[in-house]
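Here is the structure we will look at, set down as structure tokens.
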Amino acid sequence: MSPMLDAYADVVGQDVINHLRLLAQPLRDMRIVHVNSTRVGGGVAEILVKLVPLMQDLGINTSWEVIEGDDSFFQCTKGMHNALQGNRVKIPEHLLRVYERVNKENGEQLRGKLTEADFVFIHDPQPAPLLASCPNKKGKWVWRCHIDASHPYRPVWKYLREFVRGYDASIFSLADFAQTLPHPQYIIPPSIDPLSEKNAELPEETLHSVLDSFDLDPTRPLLVQISRFDRFKDPVGVIQAYQLVKKFVPGQQLVLAGGGATDDPEGESVIAEVRQAAGDDPDVHVLLLPPDSNRTVNALQRAATIVVQKSIKEGFGLTVTEAMWKGKPVIGGDTGGIRLQIINFNTGFRVKTPEGAALRIRYLLHQPALMATIGEKARQFVKENFLLTRHLREYLTLLLSLHYGGVERIELG
Amino acid sequence: MREHDNANQNGIPEVFRIKDCALIALATGSRAGTLKELRDNLLSTSEASIYYHFWGSLLHPRFTEREYNNDFASWSARSLHDGVLAERLAVIDPTEFGSLEAMRQELLEIVEERLDEKEYFPWLVASDAFEFMRSQIVVFDTGKQAASPEELAALLPEITTSSIFYHFIDARRRLQGRQTDDFSSWLSGFPEPRAELCARLSAIDPYFGSLGELKSTVAKFFCEEFSRKEDL
């Protein structure tokens, strides 16, 4: 047995782990390589840091390679990321040449390993051109797009598509995000890791010490939105909702917490708007958290009475998943992956306006028993659908599907 | 494929092998934003897509309290806001059709009938597009097997929800035309009739509860069948 698989079995149940073992059996000793552009930080690294050892524990020869690039390269790929999300970002020609050169150099370094692999997963646009460096590849190559590419800026997607079209398959998080490509497009929603610092159980003392550190009163209701300060997350709308609620149910506290935005001019202006909207209300707490604040985020979500994620545009909305896993009712914007997670009256409420958010907050505050029921259903829903083990199961299924020729029905054994 | 096609020389069915499965969803690239587009896509979409929208989605992220038994009906209600169409589509019972092609024809019949009812129906724009999906299924042997109905009754509480999907839901497609599940099909091969148990199993409506609830119900029926036998 593996201690890591045992730890997951404690959370999701032994039958889920047995299921993974049976699925992994035909893939034993196959060589699988994941490639992305960073070992730490960001959602992709957060998933791979657990997914890779779990695959190894299941007997699959899995490794993780990281490509190296300079500032110009990452400036270019950041532009691509934003363009895939729909921003009209024109990437200068010279940066595109850097992108191609860096991938060529990395391709030379990794060629041996990638050519011999049975399966290669290329994560996001950064390493997408590596395929061209391995003309004699033996295995199947899969491009995993973690970005909401539902409405990409067409010139940038047109450029990227040329690198991606040669892959054997691609993976998108939602059907909405899929693009027209000449190969199968698998739909695999993202997941959260129940054992990570951001999601693991916390002792009561930690919750109290975090609340203390931000001058929050544990005896009064607490509304929390965890998000970077971005207009698509509508932090000002959350403050408006809070103000509407406070007229009817005084004593509320609101926390808007997210990463700092020192390198993002738009982020700074959003924070200024948020502070202005908050005025001098001592019960509105705008918290700029450093990047390594996973434990603080965890504590704030657990201490919340209701979690809000009032996005106007959203990819999948993993902060919703995190809050639901902690048994919280969530009020979320009616958009993107939030629609897949929040089911009105069951796991929370979807809203379109600050008024709608205020209405649902008031409704829930008057029904503590319902809040508990919704929280319990939300946790169960995440347990069944959005934990890392489900993500791994779908990767294994995809691998088997590709291994056996992509037919509709594969009978093993 | 049946899990127990062969009978031994005494006419007793071979062991029942508990299988399990995993489904993976794929985008087809087809979307419908109006009822007319839904009709047009239904004409050409693959049978795998029809299968997914009736059965496959039971194994995918979805809240357990389903209001409608198929994705076409849900979309009509939630995105097209056409309650009448949703109710008509929800009446479709997949077990009544001998093939997915026959089911496609029934879907088309209902949609076209609705399109004819009002001039503006073809042009009503849905709040969200219907994404036509399909799935691939991987089936594998769990290594667990039962030589007798009593042994199967003892095994059922331990099997996974995806096993129950395979033997109870997916079976309806594999055994098309026979309107049954793997358990009933296997039981029917024994000399001692289990007509009452089979009737109870066939009366289960599997579309509205969770797979966990479905598993509990099937296990309970088996348990009751054999505890009654012991009492006699």
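Computed from the coordinates by the stated procedures, all read-outs in this text should not be read as laboratory data. Note that the structure is predicted; figures quoted are calculated from it, not measured. Heads up, the Cβs are rebuilt from the backbone with ideal geometry, glycines too, and the neighbour counts pull from every protein chain shown.
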Could you tell me the ratio Rg/Rh of the range B:22-135? Both radii from Cα atoms, Rh via Kirkwood.
0.93
Just rank A:ILE410, A:ILE342, fewest to most, by other beta-carbon atoms within 10 angstrom.
A:ILE410, A:ILE342
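How large is the Kirkwood hydrodynamic radius of chain A, counting all unique pairs of alpha carbons, in Å?
Numbers: mean 1/r = 0.0441 Å⁻¹.
About 22.7 Å, per the Kirkwood formula over Cα pairs.
For the range A:296-413, divide the Cα radius of gyration by the Kirkwood radius and give the resulting Rg/Rh value with two decimals. If you can, show how the numbers build up before the last one.
Values: Rg = 17.2 Å, Rh = 15.5 Å.
My calculation of the ratio gives 1.11.
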What chymotrypsin sites (Phe, Trp or Tyr not before Pro) does the range A:125-217 have in DSSP loop regions with at most 16 other beta carbons within 10 Å?
A:PHE214
Could you work out the Kirkwood radius for the range A:168-247, taking every pair of different alpha carbons, averaging 1/r and inverting it, reported in Å?
17.1 Å
In straight Cα distance, which lysines are under 21 Å from A:LYS50, not counting same-chain residues fewer than 8 positions off?
A:LYS198, A:LYS326, A:LYS383
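Grab the beta carbon distance between A:THR373 and A:VAL249, set R0 = 30 Å, and tell me the FRET efficiency rounded to 0.05. All intermediate terms of the calculation are to be shown ahead of the outcome.
Working: r = 20 Å, r/R0 = 0.67.
So the FRET efficiency works out to roughly 0.90.
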How many angstrom lie between the C-alpha centres of the range B:191-229 and the range A:303-321?
41 Å
So what are the three principal axis dimensions of the range B:84-139 from its Cα atoms, in whole Å, longest to shortest?
45, 25, 17
I need the calculated FRET efficiency for the pair A:TYR159 and B:SER127, taking r as the beta carbon distance and R₀ as 22 Å, to the nearest 0.05.
0.10
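Only bridges with both residues in the protein assembly as shown count here: give the DSSP antiparallel percent, nearest 5. Display every interim value, and only then the final one.
Numbers: 18 of 64 bridges.
Close to 30 percent.
Using a 10 Å cut-off around each Cβ, can you sort A:VAL238, A:VAL11, B:VAL125, A:VAL164 from fewest to most neighbouring Cβ atoms? Spell out each step's value before the answer.
Numbers: A:VAL238 27, A:VAL11 18, B:VAL125 11, A:VAL164 21.
Listing A:VAL238, A:VAL11, B:VAL125, A:VAL164 from fewest to most nearby Cβ atoms yields B:VAL125, A:VAL11, A:VAL164, A:VAL238.
Taking every residue in A:168-180, how many Cβ atoms of other protein chains lie within 10 Å of its Cβ, on average?
Working: counts 0, 1, 1, 2, 1, 0, 2, 11, 5, 1, 7, 2, 2.
The mean count of partner-chain Cβ atoms within 10 Å per residue comes to 3.
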Whole angstrom only: what separates the Cα centroid of the range A:136-162 from the Cα centroid of the range A:1-55?
24 Å
For B:15-28, mean number of other protein chain Cβ atoms within 10 Å
6
log10 I(q)/I(0), Debye, Cα-only the range A:204-385, no solvent, q = 0.08 Å⁻¹?
-0.21
Each label sits 7 Å from Cα toward the beta-carbon; between A:MET4 and A:THR180 the label points are separated, in nm, by 4.1 nm
P(r) of chain B over all Cα-Cα pairs, 5 Å bins starting at 0, rounded to whole percent, reads 1, 6, 13, 17, 17, 14, 10, 8, 6, 4, 2, 1, 0, 0
5 Å binning of all Cα-Cα separations within the range A:198-287, expressed as whole percents from 0 upward
3, 13, 23, 22, 18, 13, 7, 1
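Figure the gain on full extension for A:ASP292 and A:GLU197 (residue separation times 0.36 nm, minus the Cα-Cα span) and round it to one decimal in nm.
On the way: separation 95, 0.36 × 95 = 34.20 nm, distance 1.00 nm.
Stretched fully, the A:ASP292-A:GLU197 segment lengthens by 33.2 nm.
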Pairs over 27 Å Cα to Cα, from A:LYS104/A:LYS140; A:LYS377/B:LYS19; A:LYS137/A:LYS158; A:LYS90/B:LYS36; A:LYS246/A:LYS352, come to A:LYS377/B:LYS19; A:LYS90/B:LYS36
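With viscosity set to 1.002 mPa s at 20 °C, what whole-number translational diffusion coefficient in µm²/s follows for the range A:135-290 from Stokes-Einstein and a Kirkwood radius over Cα pairs? Show your work: numbers first, answer last.
Values: Rh = 19.4 Å.
Translational D for this selection: 111 µm²/s.
Share of Cα-Cα pairs in the range B:143-231 beyond 14 Å, in percent? Could you put the intermediate results ahead of the total?
Details: 2501 of 3916 pairs.
That tail contains 64 percent of the Cα-Cα pairs.
Kirkwood hydrodynamic radius, the range A:238-325, all distinct C-alpha pairs: what's the number in Å? Each step should come with its number before you reach the end.
Working: mean 1/r = 0.0698 Å⁻¹.
Value: 14.3 Å, from the Cα pair sum.
Take the Cα radius of gyration of the range A:1-139 and divide it by 2.2 N^0.38 Å, with N its residue count; two decimals is plenty.
Values: Rg = 17.6 Å, N = 139, 2.2 N^0.38 = 14.3 Å.
Taking the Cα Rg and dividing by 2.2 N^0.38 Å, one obtains 1.22.
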Semi-axes of the range A:47-104 from the Cα gyration tensor (sqrt of 5 times each eigenvalue, largest first, whole Å) come to 31, 15, 8
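For B:ALA203 and A:GLN25, FRET efficiency with R0 = 35 Å and r from the beta-carbon atoms, rounded to 0.05? Walk me through the numbers on the way to the answer.
Numbers: r = 37 Å, r/R0 = 1.05.
E(calc), rounded to 0.05, equals 0.40.
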Each residue of B:140-146 has, on average, a number of other protein chain C-beta atoms within 10 Å of its C-beta equal to 3
Run the quick spin-label model on B:VAL91 and A:ASP280: label points 7 Å from Cα toward the beta carbon, then report their separation in nm to one decimal.
6.7 nm
So, in nm, how far is label A:ASN82 from label A:LYS104 when the simple model puts each one 7 Å beyond its Cα toward the Cβ?
2.7 nm
What is the Cα centroid distance between the range A:323-353 and the range A:172-221, reported in whole angstrom?
13 Å
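Using +1 on the beta carbon of Lys and Arg, -1 on that of Asp and Glu, and nothing else charged, what's the dipole of chain B about the Cα centre, debye to 20? Spell out each step's value before the answer.
Values: 25 positive and 39 negative charges, 80 e Å.
That gives a dipole near 380 debye.
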